Amino acid sequence: MRARNGFAVLAVAATMAASAACTATGSNGDNGDVTLSVWSWRPEDAAVYKQIFAKFQESHPHIKVDFKPYKATEYNTILSTGLTQAGGPDVAQLRAYGGVQPLIDAGELVPLEGKVAGLTNFETGALDGIRGKKDGKVYGVPLEMSTFQVYYNQDIFTKNQLQPPATWDQMIADAKKLQAAGITPFAVSGKDTWLLPLYNDTFAATRYGGPDFEKKVLAGQAKFTDPEYVASLDVLNQLKPYFPKDMMGLGETDVQTLFATGKAAMIPEGSFALAPMKAINPELKLGVFNPPPPPGAVVAKPLQVGWVDASYGLNAKSDHQKEALELLQWMTTTEFGQQVADNLKQVSLVKGVQSSDPLLGQMVSAYRTDPTPYLMLVDFRYGTPLGSDLQATGLQKMLLGQQTAAQVAGDIQTGVSQWFKP
Amino acid sequence: MRGWRVAGYLLLWSYAAVAVAPLIVMVIDSLRPNTEVLSRPLALPTTVDFSSYATAWTQASFSTYVRNSVLVTVGAVALDVAVSLPASYVLGRFRFRGSGVLIAYFLAGLMLPIRLGILPIFYLLGSMNLVDSRLGLVLVYAASGIPFSVFIMSAFFRGLPRELEEAARIDGAGEFRVFARVMAPLVKPAIATVVVFRFVPLWNDFFFPLVLLRTTDRYTLPVGLTQFFGEFQTNWSALFAGLVIATVPLVVLFLVATKQIVEGLTAGMGR
Amino acid sequence: MRWRVAFWFLLPAFLLYTVFTVYPLLSALTDSLWQWEGTARGGFAGAGNFTSLFTTFPLNRQLGPAFWHTMAFFAGTMLVQNTFGLLVAVLLVELPVARRFLRTVYTVPYLIGGLVVGYLWSLLLSPTFGPLNAGLDAVGLGSLARPWLGDPATALPVVILVNAWQYIGFPVLLFGAALAGLPPEYGEAARVDGANAGQRFFRVTLPLMLPAIGVVSILTFIGSMNTFELVYSLEGAQGNQPTGPGGATDVLGLIFYRVAFQEGGTNAIGQSSALAALLFLFTFGIAVVANRVVRRREASLT
């Protein structure tokens with residue numbers, strides 16, 4: 001870290017205390033108790049985390065945990081400054097893949113191999129999301145993985161005598177039927193653009209080839225401008241008639257509410273949306289499916305989009321390394337994993353944890369058999385511009401009629417090739 | 001002539017309706033259960049229901065946030081005015097070598113997106129042990145207000161007639177007396193303007209406390225509010241209640257002070 | 001005035017302002033000349049960060065539209081907020097009934113702050129659950145209902161209108177104060193000459209108001225260049241994507257914020273500081289020139 005003190009010394013020497021300001025907020029209590037501060041971008045989970053950490057304190061009475069959530073859209077800003085200075089977290093929730101690299105590169109996180117024994121409780125693939133790109137070391141304990149699929153409202157389906165569709169044509173026919181009945185087929189947001197790449201993977205990964213395309217594009221044998229990928233971008237255009245007319249004015253919570261209040265029959269959403277949607281309407285009866293392959297698809301069976309999402313890591317400047325490691329170790333146990341599954345309603349990656357919610361179980365088993373990555377997040381966030389940003393911007397313009405699928409593909413290729421070398 | 005007046009009043013009152021209608025909707029919807037807000041966006045409450053306020057009040061420590069906002073904002077505005085007033089007096093009424101440069105130096109701050117300095121400010125406060133401190137926030141806020149205060153107050157000082165000051169000086173008053181007893185009272189409307197126009201954005205600022213404060217006990221209202229919005233995204237009724245709670249203190253404060261401000265503004269200008 | 005007194009009068013403001021505003025901002029500007037690796041400073045970059053603004057895709061394609069949106073925001077605000085604000089201020093002088101009450105009512109939206117205003121209006125304008133479209137429906141104008149913030153044609157105008165709604169109290173108060181400060185003799189003289197209200201306004205009041213109009217215009221310009229909070233809370237900001245439908249409400253202040261905090265590029269500090277430096281020079285240059293023109297007018301009037 002670069003010294004910024006020169007001017008301060010000159011101008012305000014009198015008022016300045018000797019500055020050795022590199023302690024985290026976690027503090028020692030009266031009787032040697034330690035309070036760890038844990039940061040997260042999930043304020044909506046605050047209540048549940050309170051219960052979870054109460055469990056931790058039962059077995060670790062000398063460690064208190066102070067859970068501090070920040071708004072998700074501000075979190076990156078806060079964490080990147082928070083880790084460099086006094087008052088930062090001891091343990092922080094971390095983004096996956098490319099999102100965490102700047103923090104690793106700046107030396108602000110502690111590599112956990114050899115320090116957290118429980119890392120063996122994870123499949124190696126589960127740790128890939130939190131590995132340093134340059135040194136290959138693991139910098140966090142994976143919290144959960146996310147999957148993305150289509151939820152449907154069982155009551156609406158029953159009323160309209162529908163089943164989860166087996167073919168693309170069936171899905172379109174169902175959508176038309178719902179529309180005729182005055183129900184929005186798909187609750188889709190065009191305002192929260194980060195969802196658009198996920199919609200694309202959910203409906204059209206089969207069209208471009210899913211994991212096989214991923215391998216090829218990483219090896220330099222395929223490009224985003226290849227006809228298969230361009231055609232996959234166009235799939236959302238074909239579905240546009242069945243999206244809400246006002247989609248560009250609808251945010252994620254708006255479409256969740258549309259769906260949860262029975263105004264829309266289906267919604268493409270993440271595993272992480274299950275709890276919030278149930279909160280809007282506890283009566284909601286849900287089912288999930290993965291869209292059948294569209295015409296011309298490269299892969300003939302539905303694929304399940306999934307990726308490792310959040311992890312918890314250790315601030316290199318924490319004053320309570322030992323206690324923080326104890327907490328991280330606890331986060332690798334099935335006790336914690338089961339809490340994540342049962343109370344946070346997310347997919348824990350700890351081996352042996354079973355989802356009590358049958359829907360989450362269905363998502364996980366679909367991912368085990370037919371996985372496909374959230375391509376832009378997993379592979380194209382290691383440089384700027386981020387692949388996901390380019391695709392989101394482009395898809396929004398495409399759905400507004402301002403760009404063609406081919407132009408969108410061209411922009412993705414141009415942007416990404418500025419830093420991506422196969 | 002009469003028709004012209006009627007049209008004028010009509011315009012003034014219809015715009016008044018436009019100005020307050022969204023706020024009325026905000027209050028009404030905060031009193032309706034969430035399902036009703038979502039199913040019938042434009043309706044009066046069937047029964048008045050304060051439970052959203054209970055939700056908002058118990059889930060977020062709004063009383064702490066209000067106290068912190070008052071401390072920080074009042075402190076910053078007071079410090080800002082205290083240092084800007086004498087400086088504006090010198091800059092507004094006297095020409096000396098470098099006074100032009102100094103004026104430009106102060107006014108330059110008006111034209112900067114202050115957020116742009118956030119990282120250096122963060123490191124500076126860190127070196128002074130003022131991160132996560134309300135005092136640090138007060139200093140940054142007061143400093144960021146100086147350009148606007150100097151801009152407004154020096155313009156007012158410039159506009160005062162020279163005779164007053166000369167009369168006082170002939171009476172043998174010292175520089176400080178001339179300033180404190182004669183000139184400063186004359187720019188009360190300028191001070192009122194500065195207080196209003198600085199108080200409000202500081203009260204509402206969320207970016208600096210978001211980055212510079214860490215402890216929940218020190219949070220100001222807007223930061224508390226953003227967290228509240230994250231937690232209650234789909235409970236519109238509670239969101240509206242939170243917005244009302246965040247708005248009311250300032251509106252009450254302004255209504256109490258507005259008499260003085262507007263009177264000061266107009267009377268001061270008319271003199 | 002003696003030098004020593006002047007010095008002590010100026011010193012506190014000078015110090016506070018220099019340490020907590022100028023130094024951080026200058027420091028941010030010099031940051032633009034260096035290459036950055038996260039928060040660690042690398043080698044000297046010279047103009048590298050500046051040229052990279054115009055050569056990095058898609059940033060180079062975002063800057064142009066964002067500049068014009070910012071200008072449109074300024075022009076729209078002048079047209080809607082300040083013109084209407086002047087009209088209201090003049091009417092308030094001529095029509096005394098409930099003057100103070102009305103002035104307060106107009107000022108209330110200003111009190112609630114960009115963040116709250118943004119949240120409030122995004123709820124009000126929501127296409128599905130918002131009262132505005134429901135209201136249009138209720139009075140038979142349902143065909144006018146649209147996703148106001150999601151339609152490229154209406155998004156920027158709506159943002160300008162919401163901003164004007166919030167800040168109308170600013171010109172009303174400032175113009176009101178300036179109008180009250182005008183010497184009444186001029187108006188009286190014109191009235192005796194038989195001029196009607198319109199003639200009096202355009203021939204007497206308006207020229208005398210030019211300094212106040214100048215001040216308000218400069219502040220509006222600076223405010224427009226820094227526009228961020230309202231657009232952010234109305235339209236959101238995600239990663240490094242232009243804000244609004246098809247980027248229709250993307251403004252320069254948002255690009256700075258995105259490059260600095262959202263995009264997560266390793267050279268974020270260098271590149272965002274370069275953008276900030278350009279923004280600063282442009283705003284500062286225009287404002288200084290405008291201020292000089294206004295001051296000259298002021299001088300020629302007195």
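Throughout, read-outs are computed from the coordinates displayed, never taken from laboratory work. Computed from a predicted model, the values in this text were never measured in an experiment. Note that we place each Cβ from the backbone using ideal geometry, even for glycine, and neighbour counts take in every protein chain shown.
The alpha carbon convex hull volume per residue for the range C:104-144 rounds to 79 Å³.
Taking the Cβ of each residue in C:MET78, B:MET153 as the centre, tally the other Cβ atoms inside 10 Å and list the residues starting with the fewest.
C:MET78, B:MET153
Evaluating kT/(6 pi eta Rh) at 20 °C and 1.002 mPa s, with the Kirkwood radius of the range B:1-147 over Cα pairs in the Stokes-Einstein relation, gives 103 µm² s⁻¹. Comparing mean-square fluctuations of B:ASN235, B:ASN129, B:ASN68 from a GNM of chain B with C-alpha springs under 10 Å, the top value falls on B:ASN129.
Computed over the range C:1-149, the P(r) curve from all C-alpha pair distances, binned at 5 Å from the origin, holds 2, 6, 7, 8, 10, 12, 13, 12, 11, 8, 6, 3, 1, 1, 0 percent per bin. Taking only the alpha carbons of the range A:301-395, we obtain Rg and Dmax values of 16.9, 51 Å in that order. At 20 °C and a viscosity of 1.002 mPa s, what translational diffusion coefficient does Stokes-Einstein give for the range A:377-422, taking Rh as the Kirkwood radius over Cα pairs? Give it in µm²/s as a whole number. Stokes-Einstein gives a translational diffusion coefficient of 202 µm²/s.
Taking only the Cα atoms of the range C:1-85, the radius of gyration and Dmax are 20.6, 58 Å. For the segment B:139-148, counting C-beta atoms of other chains within 10 Å of every residue's C-beta and taking the mean gives 5.
Give the order of B:TRP236, C:TRP3 when sorted by the count of other beta carbons within 10 angstrom, beginning with the fewest.
C:TRP3, B:TRP236
Once the convex hull of all Cα atoms in the range A:89-233 is built, its volume per residue stands at 195 Å³.
Computed FRET efficiency, Cβ-Cβ of A:GLN57 and A:LYS134, R0 35 Å: what is it to the nearest 0.05?
Here the calculated transfer efficiency is 0.40.
Estimate the FRET efficiency between A:ALA173 and A:LYS215 by the formula 1/(1 + (r/R0)^6), using the beta-carbon distance for r and 35 Å for R0, to the nearest 0.05.
Once the sixth-power term is evaluated, E becomes 0.55.
Of all lysines in the structure, the ones whose alpha carbon falls short of 19 Å from that of A:LYS159, not counting any fewer than 8 places away in one chain, are A:LYS176, A:LYS177, A:LYS263, A:LYS285.
Each residue in A:MET277, A:MET248, C:MET71 was given a count of other beta-carbon atoms within 10 angstrom of its own, and listing them fewest first yields C:MET71, A:MET277, A:MET248.
Calculated on the Cα set of the range A:163-289, radius of gyration then Dmax: 15.7, 49 Å.
Charging the Cβ of each Asp and Glu at -1 and of each Lys and Arg at +1, and nothing else, the dipole of the range B:20-270 about its Cα centre rounds to 580 debye. Rounded to the nearest 20 debye, the dipole magnitude of chain A is 560 debye, with +1 charges on Lys and Arg beta carbons, -1 on Asp and Glu beta carbons, and the Cα centre as origin. The Cα atoms of the range A:255-303 cover 38, 20, 16 Å along the three principal axes, with the biggest extent listed first. Taking the inverse of the mean 1/r over every pair of distinct Cα atoms in chain A gives a Kirkwood hydrodynamic radius of 23.0 Å. On a per residue basis, the convex hull of the C-alpha atoms belonging to the protein assembly as shown measures out at 175 Å³. Just so you know, the averaged projected area of the alpha carbon convex hull for the range B:20-270 sits at 16.8 nm². For the peptides C:45-54, A:139-148, the ranking by packing is A:139-148, C:45-54, with the highest mean count of neighbouring Cβ atoms within 10 Å listed first. Mind checking which aspartates and glutamates have their Cα closer than 14 Å to the Cα of A:LYS133? Skip sequence neighbours fewer than 8 apart in that chain. Straight-distance partners of A:LYS133: A:ASP105, A:ASP379. For chain C, the fraction of alpha-carbon pairs lying more than 33 Å apart is 40 percent, rounded to a whole number. Averaged over the residues of peptide A:196-204, the number of Cβ atoms from other protein chains lying within 10 Å of each residue's Cβ is 0. Relative to the 2.2 N^0.38 Å rule of thumb, the range A:74-166 has a C-alpha radius of gyration ratio of 1.57.
Projected onto planes of every orientation and averaged, the convex hull of the alpha-carbon atoms in the range B:51-124 covers 8.2 nm². Only Cα sites of the range B:32-76 enter the Debye sum here, all with the same form factor; the resulting log10 I(q)/I(0) across q = 0.13, 0.22 1/Å is -0.48, -0.76, listed in q order.
Counting Cβ atoms of other protein chains within 10 Å of each residue's Cβ and taking the mean over peptide B:18-26 gives 6.
Extending 7 Å from the Cα toward the beta-carbon at both C:VAL289 and C:VAL192 defines two label points whose distance is 4.3 nm.
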